[in-house]
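A.B. asks: Take this structure first; my questions come after.
The values are calculated or read from the model by the stated rules, or taken from the named source; none is laboratory data. This is a predicted model, so every value here is computed, not measured. Using ideal geometry, Cβ is built from the backbone for each residue, glycine included, and neighbour counts are taken over all protein chains shown.
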Amino acid sequence: MRLPIANVPIWPEGASKAAHELDLLYLVIVGLTVFFCSVVFGLVIYFVSKYYAGSKADRSNPAFHNMSLELAWSLIPLALGLFVFGWAAKLFVEMQAPIPSENALNIYVVGKQWMWQMQHPTGQRENNELHVPVGRPVKLTMISQDVIHSFYVPAFRTKADVVPGRYRTLWFEPTKLGKYHLFCAEYCGTKHSEMTGWVYVVTPEDYEKWLQDNRWGMGNKGVTVSQAGQALYEQLKCSSCHAPEQRIGPPLAGLYGSTRTLSDGRKVVADYDYLRQAILDPQAVTVSGYEPIMPPYRGQLTEQEVIQLIEYIKELSVPPAPPGADVGPTKDKVLGGNR
Ligand code: CUA
């Protein structure tokens, strides 16, 4: 949409499912604001010019009360305000809550001073660029390796802080082919303004082709994220404690999404954040019945490696749970239908 004069764009291109409704909401809010501002300022000017001190206006029979007028100016703005609130809340939930889609594409994003590292589930990595297919929901799982960054794609009307220490997800569904700006929208140091990039929305065929062309190079080893995690798992000798026959550490199969009872009695769901902490700072979340003997891996793994390990753990096959076992019931809720 552009201004009728000078062809000035009013807002950036809209290229995601949420963009158009968000623009409409914005337009409605601006329209309402302009309308009520005009009414208030119009009346102020009218009354000032009519009733200034010394004017010859008729001041007999002053009005003190008009019930229907007072109800109208209270209830109509209230209804409009609630309407805007309800609409905005619906949009906010739609943009924040996971899209229940088997089809969703999981992209892992690590922000660091001063670049964006993306990783596709099939292992392809790219820096400051993101290729996504049109018409498919994309779920970003994001974390920062140092300070707070913010992942901002104006054309998708989407922005989320990327913080150290915990994962944050973000959803969008690109609807239009093209090349769109990616910004860091949180001041993060001297080269914050250079922490930009491009999101390429391509056809599903071109996306497949891009995946094929980028299986190697750029640090890609032709393996998926979870295969990279498996290689790390073996390299770090995790199995010497976590293999089921070892009985030193808790077995990892079926762990993701299950409820864990910790040695201090807390019950936690083994989600992304829990698994990250269990790898980096295991003694803080020792599982009930096990000794707190696992060494912390903080400082020894990059955030990308932690994600790879979590993806591998997530994909370890789930053994059939015995009746009444502390595994499973929360699984569907945590996964939200997405794997
Ligand atoms: Cu990263 Cu600003």
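A.B. asks: Which one of the conditions (1) within 11 Å of the ligand (Cβ to nearest atom); (2) out of contact with any Pro (no Cβ under 6 Å at 6 or more places or on another chain); (3) not charged (D, E, K, R) does Q124 fail to meet, given that it meets all the rest?
C.D. replies: In the conditions (1) within 11 Å of the ligand (Cβ to nearest atom); (2) out of contact with any Pro (no Cβ under 6 Å at 6 or more places or on another chain); (3) not charged (D, E, K, R), Q124 misses (1) alone.
A.B. asks: Further, regarding this structure: Could you grab me the full set of residues in segment 263-308 that are among the hydroxyl-bearing types (S, T, Y) and not in a loop (DSSP other than H, G, I, E, B)? Break it down into steps so the answer makes sense when it comes.
C.D. replies: As a first pass, look at segment 263-308 and keep what is among the hydroxyl-bearing types (S, T, Y): 263, 272, 274, 286, 288, 290, 297, 302.
Result: Y272, Y274.
A.B. asks: What are the pairs, 6+ residues apart or on separate chains, where a residue within segment 188-199 that is among the hydroxyl-bearing types (S, T, Y) has its Cβ under 8 Å from a residue that is more than 9 Å from the ligand (Cβ to nearest atom) and at pLDDT 95 or above?
C.D. replies: So the pair list comes out empty.
A.B. asks: For segment 147-172, enumerate the residues that are within 14 Å of the ligand (Cβ to nearest atom), among the aliphatic types (A, V, I, L, M) and without any contact (Cβ under 8 Å) to a residue 40 or more places away in the chain.
C.D. replies: A160, V163
A.B. asks: A further question follows. Evaluate the following for G222: is it buried (at least 17 other Cβ atoms within 10 Å of the Cβ) and among the small types (G, A, S)?
C.D. replies: Here the answer is no, as G222 does not meet what is asked.
A.B. asks: Counting only residues that are modelled with pLDDT of 75 or more and in a loop (DSSP other than H, G, I, E, B), which one in segment 206-244 is nearest to Y108 (Cα to Cα)?
C.D. replies: T224
A.B. asks: Just give me the residues in segment 188-197 being in a loop (DSSP other than H, G, I, E, B) and either among the β-branched types (V, I, T) or more than 6 Å from the ligand (Cβ to nearest atom) (or both), in sequence order.
C.D. replies: Passing the criteria: G189, T190, K191, T196.
A.B. asks: Is there a residue being within 36 Å of the chain's Cα centre (by Cα) and either without any contact (Cβ under 8 Å) to a residue 40 or more places away in the chain or loosely packed, with under 15 Cβ neighbours inside 10 Å (or both) anywhere in segment 37-47?
C.D. replies: Yes, some residue in segment 37-47 is within 36 Å of the chain's Cα centre (by Cα) and either without any contact (Cβ under 8 Å) to a residue 40 or more places away in the chain or loosely packed, with under 15 Cβ neighbours inside 10 Å (or both).
A.B. asks: Filter segment 173-186 down to residues that are within 12 Å of the ligand (Cβ to nearest atom) and in contact with a Lys or Arg (Cβ under 8 Å, 6 or more places away or on another chain), then give me how many there are.
C.D. replies: Number satisfying all stated conditions: 1.
A.B. asks: I would also like to ask the following. I'd like the full set of residues that are among the β-branched types (V, I, T) and farther than 18 Å from R166 by Cβ, limited to segment 231-282.
C.D. replies: Result: I248, T259, T261.
A.B. asks: Do you know which residues across segment 97-121 are among the polar types (S, T, N, Q) and within 16 Å of the ligand (Cβ to nearest atom)?
C.D. replies: Passing the criteria: Q113, Q117.
A.B. asks: Also: Of the numbered conditions (1) assigned to a helix (DSSP H, G or I); (2) without any contact (Cβ under 8 Å) to a residue 60 or more places away in the chain, F64 satisfies every one except a single condition; which is it?
C.D. replies: Every condition holds for F64 apart from (1).
A.B. asks: State all residues of segment 129-146 that are touching a residue at least 60 places away in the same chain (Cβ under 8 Å) and either of a type in the set (D, E) or more than 12 Å from the ligand (Cβ to nearest atom) (or both); if no residue qualifies, say none.
C.D. replies: Passing the criteria: E129, L130, H131, V132, P133, V134, G135, R136, K139, T141, I143.
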